[in-house]
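Scroll down for the structure; my scribbles are underneath it.
The values are calculated or read from the model by the stated rules, or taken from the named source; none is laboratory data. Quick caveat: nothing in here was measured; it's all calculated off a predicted structure. FYI the Cβ positions are ideal-geometry reconstructions off the backbone, even for glycines, and counts take in every protein chain you see. Surface areas here come from the heavy atoms of the whole protein model, side chains and all, with no ligands, DNA or RNA. Shrake-Rupley method; radii C 1.70, N 1.55, O 1.52, S 1.80 Å.
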Amino acid sequence: MSGPAPETLVPDVFDPRQYGRGIPHDRYRHLRDHHPVAWQEEPEVLGWPAGPGFWAVTRHEDVVRVLKDSSTYSSYLGATQIRDPDLADLPFIRRMMLNQDPPHHRRLRVLVSRAFTPKRVDRFETVARERARSLLTRAVTGARAGDGTCDLVAQVTDDYALLNLTDLLGVPDSDRGLLLHWTQRVIGYQDPDEAGTPALGPDGRPVNPRSPASLRDMFDYAHALAAHKRNHPADDVMTSLATDPELTAPELEMFFFLLVVAGNDTVRSAAPGGLHLLAENPEAYRRLCDGEVQLATAIDELLRRHPPVLTFRRTATQDTELAGTRIRTGDKVVVFHASANHDERIFSDPFALDLTRSPNPHISFGDGPHVCLGAHFARLQLRALYEEACRALPPGPLQLVAPPRRLVSNFINGLKSLPVRVADA
C-alpha cells in the first residue's frame, strides 16, 4: 500500500537542532506551497518540555497579516516565544513591551522612544565607524602574524555589537562582559555552547531563562546603574530612562532587559550573516566595495536573506481563519521571518543576492505595532561595518576557510563563527 502523497506531508520546522545545520529553506518552501498555515508538533527537545503545538505561518502575506492584526493575534496572551512560559511567570513576562498589545504597548513604546531618539543614535555613527575600523584592523594584523585567518564573529562582530550597545546605554567599560553573558544565557538557551548547562528547577526541568529568578541579577544591575545615572547623568539611554518620572521601577527593569538582549543580538546576528552572504557572493561584494550599489539598498537585501530573528509567536484571541485554515481561540500562531523573506509570491528569484533589489518589503525588523524600535540604530551599525570591511580587509573576495558554525535556535538566526582568510600566511 502506498503512503500519502508527498505534498500532504507536513515537514517539521520546530526542532531547534536543524537550525544549527542551516535554515530549512526546502521545508519552508514546501509549507508555503502546500501548507501555508501548518500545524507543528512541539515535542520535548534538548531537555525542554513538550508543548501543545502551534500553527506555522510561512507566506509573506499571511505573516504580515498576523503581525499587523494585534486584536486577533495577541503578543500579550501567551507572550512571543514558541515555548509557553510557566503560568506563574506569565504576569511577569507580560510586563515587557515586546509582550504587550495596543494600547498599553503604545504607551511603553512612546516612553522608550524618548530615550532612543534618532539624534542620539546618529551621534554614535562616528564612534561605531571607528570601532569597526579598529576591530577589523586588529583582526587583519593578528592574521598576518599567524596563519592568515581570523574568525570575524569572535574577533569583530560580537565585540562590535556589544560595545556599540553599551555606549548607547551608558554601561561602564568594566561591566560590558555582563551584557554578553546575559545575552548568551537568554538568547542562546537552546545551544549548549552559548548557555552552558541550564539550571534545573525542583521538577528536574530546565528553568526558563526569562523567568523572574533567572533575571534577578540583571534587574539588580539595572537598578544599580539607574541610581548611578541619577547621581551622574550623561547623554545616554539609561540616564533618560532612569530620570523619566513616568517610568515605573518594573518597567525600567523590562526596558533594560529588552534593550540589552534584543539591542545586542539584532546586530550580533545580522552583521556576520551579511558578511557570510558577501563571502558566498564575491561579485556582489566587489560591487558593494566599488560603490556600484547603494549601501542602504544593499543592507536591506542582506537583512532579507539573513534576518536576525527567525520566529515570533502570537496567540489567537478568537476563532479565526488564515489562508483557509481554521484557527481556534488560544491557539499559538508562529510567524517564520526567513520563510516570508524568501516567498516567491513577493520576491522574484528570492535566493539570488540582489543588492539593488527595490522594492524590498522584507520583514526582518517585523511589521505592525511591534516593528523594531532599534532598526535605525541597527542599520547605522551595519552601514559602518560593511563600509569599513571594504576598506580594512584585503581587496578581492572574502575567502571562507570553513563553513560557519550556526546557533542551535529556532528563534535567533545566529552565527557562532565565521572563519575567513584575510592575509597571507
Which residue, L98, L407, L178, has the most motion in a Gaussian network model of the chain that connects Cα atoms within less than 10 Å?
L178
Provide the packing ranking of 294-300, 112-118, 346-352, 267-273, i.e. peptides ordered by the mean count of other C-beta atoms within 10 Å per residue, highest first.
267-273, 294-300, 112-118, 346-352
Probe 1.4 Å, all protein chains in place: accessible area of W39 in Å², nearest 10?
90 Å²
Please work out how much accessible surface E280 shows to a 1.4 Å probe, ignoring ligands, DNA and RNA, in Å² rounded to 10.
100 Å²
Ellipticity estimate at 222 nm from DSSP helix runs (n ≥ 4, -39,500 (n - 2.57)) divided over the chain, nearest 500:
-14000 deg cm²/dmol
Let me cross-check D147: its accessible surface, 1.4 Å probe, with only protein heavy atoms counted, in Å² to the nearest 10?
90 Å²
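Looking at the calculated P(r) for the chain, what percent of the C-alpha pair distances fall above 39 Å?
The answer is 18 percent, as a whole percent.
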Ignoring solvent entirely, what values of log10 I(q)/I(0) come out of the Debye formula for segment 310-425 at 0.11, 0.18, 0.20 Å⁻¹ when each Cα is a single scatterer?
-0.58, -1.30, -1.44
Cα to Cα, under 26 Å, and not fewer than 8 places away if on the same chain: which lysines meet these conditions relative to K119?
K229
Any idea how far apart T243 and D349 come out in nm if each label point goes 7 Å out from Cα toward Cβ?
5.3 nm
Proximal charge balance of R133 [Cβ under 10 Å; K/R count +1, D/E count -1]
+1
GNM of the chain, Cα pairs under 10 angstrom: of S71, S134, S174, the biggest fluctuation goes to S174
With Cβ to Cβ distances under 13 Å as the rule, what net charge do the other residues near A392 carry (K, R +1; D, E -1)?
+3
For the chain, cysteines with no other Cys Cβ under 4.7 Å from their own Cβ are listed as C150, C372
Sequence-distant aspartates and glutamates (8 or more away, or on other chains) whose Cα lies within less than 14 Å of K332
E41, E42, D84, D319, E321
